[in-house]
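First up is the structure itself, then whatever we jot down about it.
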Amino acid sequence: MPELPEVEVVRRGLAPQLTGRRLTRAVVRAPRLRWPIPALDRLLAGREVRDVGRRGKYLLMGFDDGWLIVHLGMSGTLLFTATPAPAQRHDHLDLEFEHGTLRMRDPRRFGAVLWHDRRDGPIEGHVLLAGLGIEPFDERFDADFLYRATRHRRTAIKTLLLGGTVVVGVGNIYASESLHRAGIRPTRAANRIAIDRYRRLVTEIRATLVEAIDRGGSSLRDFVSSHGEAGGFQLECLVYDRAGEPCRGCASPVRVLRQQQRSTYYCAVCQR
DNA sequence: AGCTGGTCCTGATGGC
DNA sequence: TGCCATCAGGACCAGC
């Protein structure tokens, strides 16, 4: 499940492979994703990739005329290979370069590939990006920011983190992990958390994301990098997917509950 | 069969 | 009462 670390791992893999390279052809094989993939060949053939960026869980490939916006949804992968295998079911898009092909695959089709033309304004103004919260590695993301943003938010802190309107990139795995490391109960109302505890939470969110990126992301099911490598962070999870197993801090069993129809893992002793 | 999950959308709720 | 921000739930999928 691509959260910020997985998307960042993909971005870091693709940037050196694609920056400054010219697309020879774009082949849309299966346009049906969350929204239809537009006819990209006429937009991208002959165009050079300027940079490969990221905003939240969105990957942004910059061209002179605009940006290709890619979201991996739940099951999306972007794989770059010098000689691509024959296309299979769920292979939605090939971006062909002289030195290889970037293939987007997404069995569950929660992902998206969209084009934002420069004539329609800066990429930050795109409807999918405009409402996003702050980047967790932005220096303005600190305890004061979180504290002020939550004064009248009564929703559970874990739900708030997942929402993406305050801070982006923290999905289901890293929300459980960060809250455990910060000692905060996932169900605690966001406006009932003291600023000192938010200070700790900011530190732990960043540390968790950095460690996950360093491990190549989490591969609980199908995540792989642009080189096809699985990540290893799932092996280091303190609570996620460990219901009933001993908390690594106090040995009491890790509990699981449902918030917004998603599983939350926590330790009832270490997290208050 | 039923569960899994990221995010957009819709409709409900609540505070001022 | 009305507006706006916030919030909850549904929908979308294939694979296991």
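Quick note: the coordinates plus some simple rules give every number you see, no bench work behind them. This is a predicted model, so every value here is computed, not measured. Cβ placement follows ideal geometry from the backbone for every residue including glycine, while neighbour counts extend to all protein chains displayed.
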Nearest-ten-degree value, helix A:172-182 long axis tilted from longest Cα axis of chain A: 40 degrees
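Do any GluC sites (Glu not before Pro) in segment A:92-164 lie in a loop, going by DSSP, with at most 15 other beta-carbon atoms within 10 Å of their beta carbon, and if so which? Intermediate results must be reported in sequence, preceding the final value.
Numbers: sites: A:E96, A:E98, A:E124, A:E139; in loops: A:E98, A:E139.
Here the GluC sites (Glu not before Pro) that fit, given the DSSP loop and packing criteria, are A:E98, A:E139.
What's the magnitude of the charge dipole for chain A around its Cα centre, counting Lys and Arg as +1 and Asp and Glu as -1 at the beta-carbon? Answer in Debye, nearest 20. Could the numbers behind the result be given before it?
Values: 43 positive and 31 negative charges, 242 e Å.
Dipole size: approximately 1160 debye.
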Evaluate the distance, in nm, between pseudo-label points positioned 7 Å from the Cα of A:L128 and of A:T165 along their respective Cα→Cβ axes. 2.0 nm
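Pick out, in residue order, every one of the trypsin sites (Lys or Arg not before Pro) in segment A:153-231 that is DSSP loop and has at most 12 other C-beta atoms within 10 Å; say none if there are none. Spell out each step's value before the answer.
Working: sites: A:R153, A:R154, A:K158, A:R181, A:R188, A:R192, A:R197, A:R199, A:R200, A:R206, A:R215, A:R221; in loops: A:R153, A:R154, A:R188, A:R215, A:R221.
Qualifying residues, ordered by number: A:R154, A:R221.
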Output ³J(HN,Hα) for segment A:84-98: one whole-Hz value per residue in order, computed from phi by the Karplus curve 6.51 cos²θ - 1.76 cosθ + 1.60 with θ = phi - 60°, and x for Gly and Pro. x, 5, x, 5, 10, 3, 6, 7, 8, 8, 10, 9, 9, 10, 5
Report, by chain and number, residues whose modeled amide H sits under 5 Å from the one on A:Y58, excluding near sequence neighbours (fewer than 5 apart, same chain). none
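Relative to the Cα centre, what is the charge dipole magnitude of segment A:140-193, using +1 at the beta carbon of each Lys and Arg, -1 at the beta carbon of each Asp and Glu, and rounding to the nearest 20 debye? The partial results should precede the final answer.
Details: 10 positive and 3 negative charges, 55 e Å.
My answer is approximately 260 debye.
Any chance you could run the full-extension gain for A:A39 through A:T24? It's 0.36 nm times the residue separation minus the Cα-Cα distance, nm to one decimal.
Working: separation 15, 0.36 × 15 = 5.40 nm, distance 1.46 nm.
My answer for the length gained is 3.9 nm.
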Relative to chain A, whose Cα atoms define the longest principal axis, helix A:4-18 and its Cα axis are tilted in degrees, nearest 10, by 30 degrees
